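Down below is the structure, laid out as structure tokens.
The values are calculated or read from the model by the stated rules, or taken from the named source; none is laboratory data. What you see is a predicted model; the values in this text were computed from it and never measured. Methodologically, a virtual Cβ is constructed for each residue, glycine included, from the backbone with ideal geometry; neighbour enumeration extends over all protein chains shown.
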Amino acid sequence: MRRIELTSETDSRRLDVFVAENTALTRSHVQRLIEQGNVTLDGVVVKASAPVRADTNVTVLLPDEIPLDIPAEDIPLDIVYEDGDLAVINKPQGMTVHPANNIRTGTLVNALLFRVKDLSGINGVLRPGIVHRLDKDTSGLLVIAKNDFAHVELQKQIQNKTCRRIYVALCEGNVKEDGGMVDKPIGRSRADRKKMDVTEDGRSALTYYNVLERFGDYTLVRFELKTGRTHQIRVHAKYLGHPVVGDKTYGYAKCRFALNGQLLHAMQLTFVHPATGEQMSFTAPLPDYFERTLAVLRNKNK
């Protein structure tokens, strides 16, 4: 059992929010720990909604991890950068990041267990080293932590919005504005619980966008995430009325291009190295299938 001791310097709205913001734990993970009685406020077990006042002591007990029961697999990985603390991976479209109940093989975690011997364990047994994730059919850059210190520090940068994550997507239709911001909360869709949607009671979500190129019926758009909600760019693109091309969940069922998923690519990742303090920036070029689609549109517009 590991123990995390926190002291609140200012008033906070809720216990679960306070712990999530001050650790590398997700809010849902924190809520489970609170339900299990593993989080106390000045030594007392309280609800997740309990307010945290200034100078309050919060103790978090993390149960010992269950031995990992995920096979290491020799799956090719595009490792853009690697050192003793972290690795930056260019994930291909079609690869799931971490195992789930019905997916035990073929994931990024399976590949990492084979190729990277040291991974952080702070996110639990099914997500070793995973600081943030990409959807299965989104390609591009991810940073992987090799130890818990690196994991916590990188997670803080994402939470504090100092880690820059820039994506490029081909969107349906002609986006009228050259740029803008979508500041709309995202939560579970009331119509379909498997989907996310812009909802009044959702979690805050902020996305900036700029038009890179126009093709009449399509627009190439640069997106920058300021928060990291599930399916955030895809949901906000749909909200704008210009879903990502190839996105069958939030876009159109029919697509004129032969695609295996949405044309959404995590192109640039910038963060401060947790050990050296050096600012590091990485860029991954658009995948071939993305470039081929753009070439077709450019030739059509000549």
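I'd like the full set of residues that are assigned to a loop (DSSP other than H, G, I, E, B) and free of Cβ contacts under 8 Å to residues at least 12 places away in the same chain, limited to segment 37-67. 37 - this is the single residue of segment 37-67 that is assigned to a loop (DSSP other than H, G, I, E, B) and free of Cβ contacts under 8 Å to residues at least 12 places away in the same chain.
Among the residues of segment 269-280, write down those that are in contact (Cβ under 8 Å) with a residue 40 or more places away in the chain and either surrounded by fewer than 18 Cβ atoms within 10 Å (Cβ to Cβ) or in a loop (DSSP other than H, G, I, E, B) (or both). Within segment 269-280, 270, 272, 273, 274, 275, 280 qualify.
Among the candidates 237, 295, 266, the residue that is at pLDDT 95 or above and part of a strand (DSSP E or B) is uniquely 266.
Within segment 216-234, being in contact (Cβ under 8 Å) with a residue 60 or more places away in the chain and either over 15 Å from residue 139 (Cα atoms) or in a strand (DSSP E or B) (or both) holds for 216, 218, 220, 224, 225, 226, 227, 228.
Applying the selection to segment 107-126, what residues are under 19 Å from the mean Cα position of the chain (by Cα) and either modelled with pLDDT of 85 or more or surrounded by fewer than 20 Cβ atoms within 10 Å (Cβ to Cβ) (or both)? If the condition is that a residue be under 19 Å from the mean Cα position of the chain (by Cα) and either modelled with pLDDT of 85 or more or surrounded by fewer than 20 Cβ atoms within 10 Å (Cβ to Cβ) (or both), then 107, 108, 109, 110, 111, 112, 121, 124, 125, 126 are the ones that fit. Could you say whether any residue in segment 242-249 is assigned to a loop (DSSP other than H, G, I, E, B), out of contact with any Gly (no Cβ under 6 Å at 6 or more places or on another chain), under 25 Å from residue 26 (Cα atoms) and free of Cβ contacts under 8 Å to residues at least 24 places away in the same chain? No, segment 242-249 contains no residue that is assigned to a loop (DSSP other than H, G, I, E, B), out of contact with any Gly (no Cβ under 6 Å at 6 or more places or on another chain), under 25 Å from residue 26 (Cα atoms) and free of Cβ contacts under 8 Å to residues at least 24 places away in the same chain.
Might you let me know whether segment 8-17 holds any residue that is touching a strand residue (DSSP E or B) at 6+ places or on another chain (Cβ under 7 Å) and modelled with pLDDT of 90 or more? There is at least one residue in segment 8-17 that is touching a strand residue (DSSP E or B) at 6+ places or on another chain (Cβ under 7 Å) and modelled with pLDDT of 90 or more. So which residues in segment 269-292 are among the acidic types (Asp, Glu) and either farther than 25 Å from residue 154 by Cα or at pLDDT below 95 (or both)? Correct list: 288, 291.
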